[in-house]
Amino acid sequence: ENYHTILAENQRLYNEVQELKGNIRVYCRIRPFLPGQNKRSTTIDFIGENGELLIANPSKQGKDGHRMFKFNKVYSPAATQAEVFLDIQPLIRSVLDGYNVCIFAYGQTGSGKTYTMTGPNSVSKEYWGVNYRALNDLFDISRNRRSTFSYEVGVQMVEIYNEQVRDLLSNDGSQKRLGIWSTSQPNGLAVPEASMLSVKSTSDVLELMQIGQANRAVGSTALNERSSRSHSVLTVHVRGVELKTGSTLRGCLHLIDLAGSERVERSEATGDRLKEAMHINKSLSALGDVIFALAQKSPHVPYRNSKLTQVLQSSLGGQAKTLMFVQINPDVESFSETISTLKFAERVSGVELGAARSNK
Ligand code: ADP
């Protein structure tokens, strides 16, 4: 009814701003209610087929109580891991043609970032997240191309915690801080000291994920707590040699599970928590600024403002392709975090619709 007027108006605005848009895709994924949560108290009012998302403010009635967002895609809570992967598969495969690709998961803690990127467990293939599926797919395609190309795949995994970069694949579990090379070369190694493991099969991948998990837990009592406050970056380097000509191409895929985006009340956090919160804030807003500058084709892109953007510098911008999974919780308690998450996503996608404009 009313939604259709809102949708039509927003579609028109959306089309207008499309031209301004950079090459970032934003896919919003809504986490299902967890067992025990009251399914009726949700902020999700409407999910359109073309990426529209209408959020209801639980404390306001009527039109003023609604905010419309528009992304490249919005997944309903029922979307499966396989469905989500199918949509990003072409992007993943382009790495074998020499492209640089960055895939992020952004959202508050508990919104499903790790579920999307890693999955709830690695045992059952059905629940595999993007990381496993991506590597698996790269192996499949490179096998299919073996009469024309010879590919090598190397993987690095680092964690960025409190603006320090650490290796997650070192075999001695050392928590050595790593330096970042200022690289403006496409496909340049930003963190050359981080261990690079060569992978040839899915079982190699499962093994390295385990090493990464184990190293991530070092020095922290609660893995979940630590991982929600650090960014983890899995980088897949691909080198392909065309057999006929001997020419070489390189592609690079970054799979990033970002720290939780929740705003921490300054008055409540002290000591380490406050420090962590400030670092997270700084790096997520630096990421937003970089993507925004790229989308606006700004001559100055502020990569230097955080370790995260420095590590990713050579894979953000230029010919690189960027996709962000914006994860949200469906419950009313998360309303204000959901709105701030979606506003961030709206900003990086370069498409801001503002309040639903049905009454103009
Ligand atoms: P985050 O990484 O953002 O902190 P998690 O990925 O750990 O969040 O998800 C929080 C909880 O919700 C976990 O128990 C996870 O298994 C569950 N969950 C998240 N997304 C989904 C989904 N799409 N389907 C089923 N369960 C999910």
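Considering only residues that are outside any loop (DSSP other than H, G, I, E, B) and more than 28 Å from Ser142 (Cβ to Cβ), look in the stretch 69-112 and name the one that is farthest from the ligand (Cβ to nearest atom). Among residues in the stretch 69-112 that are outside any loop (DSSP other than H, G, I, E, B) and more than 28 Å from Ser142 (Cβ to Cβ), the one farthest from the ligand (Cβ to nearest atom) is Lys70. Please verify whether Ala293 is touching a Gly at 6+ places or on another chain (Cβ under 9 Å) and free of Cβ contacts under 8 Å to residues at least 40 places away in the same chain, treating the condition exactly as stated. Yes, satisfied.
Of the residues contained in the stretch 219-238, none is found to be more than 16 Å from the ligand (Cβ to nearest atom), basic (Lys, Arg) and modelled with pLDDT of 85 or more. When Leu178 is tested against (1) at pLDDT 85 or above; (2) surrounded by 13 or more Cβ atoms within 10 Å (Cβ to Cβ); (3) more than 23 Å from Gly129 (Cβ to Cβ); (4) of a type outside the set (Gly, Ala, Ser), only condition (1) is not met. Within the stretch 29-55, the residues that satisfy the criterion of being within 12 Å of the ligand (Cβ to nearest atom) and touching a residue at least 60 places away in the same chain (Cβ under 8 Å) are Arg29, Ile30, Arg31, Pro32, Phe33, Gln37. When restricted to residues that are surrounded by fewer than 19 Cβ atoms within 10 Å (Cβ to Cβ) and of a type in the set (D, E, K, R), the stretch 27-71 contains 7.
Residues in the stretch 288-313 that are under 15 Å from Val165 (Cβ atoms) and either crowded, with 18+ Cβ neighbours inside 10 Å or in contact with a strand residue (DSSP E or B) (Cβ under 6 Å, 6 or more places away or on another chain) (or both): Tyr303, Ser306, Lys307, Leu308, Thr309, Gln310, Val311, Leu312, Gln313.
The values are calculated or read from the model by the stated rules, or taken from the named source; none is laboratory data. Quantities reported herein were computed from a predicted structural model and do not represent experimental measurements. Note: ideal-geometry Cβ built from the backbone for every residue, glycine included; neighbour counts use all protein chains shown.
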